[in-house]
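Rule-based calculations on the coordinates, nothing more; no lab input. All values reported here derive from a predicted model rather than from experimental measurement. Positions of Cβ are generated from backbone atoms using ideal geometry, with glycine treated the same way; all protein chains shown enter the neighbour counts.
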Amino acid sequence: MSWLASLPHQIPFRAASAATRVDDKTIEGVYVCTANDLMPSGVMAVEAMAQLGGGLAFAESPVPGFLSGIDRCEIDRALVTGDVVRFVVTLDADFGGTFRFTGRGLVDGVEVIRSRFYLAKAFHHRGTEDTEGSPP
């Protein structure tokens, strides 16, 4: 399954695009700021990082994940229409279904955003088709 197919997001809420998995713990991708974005570009950029992390952590899992926390997010300048943010997102730790990532984004080779964030595997209720990841 591709990283895009593993995401529950569809346009206009899919912020990340053009991703390349570097290795088991790193993914690179792009977010293009447009005038049609539904949220401020800084919010969309953080969402793009989370979506890339989700593509890395959940690409092989039938159980979806969700953004469960953001820590130390810094944006150095406003992102404007036409900016192409190139991200590198790295999986730092797996806490048994909760994953910690660091991400950084560059525009024209200059780092403009960095963050640490968490994604968690969604748990399904008993009696549904898929119980992978469900608590005992």
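The label-point distance for Cys73 and Ser17, in a model that sets each label 7 Å from Cα toward Cβ, rounds to 2.1 nm. Given their separation in residues at 0.36 nm each and the Cα-Cα distance between them, Val63 and Lys25 gain 11.8 nm when the chain is fully extended.
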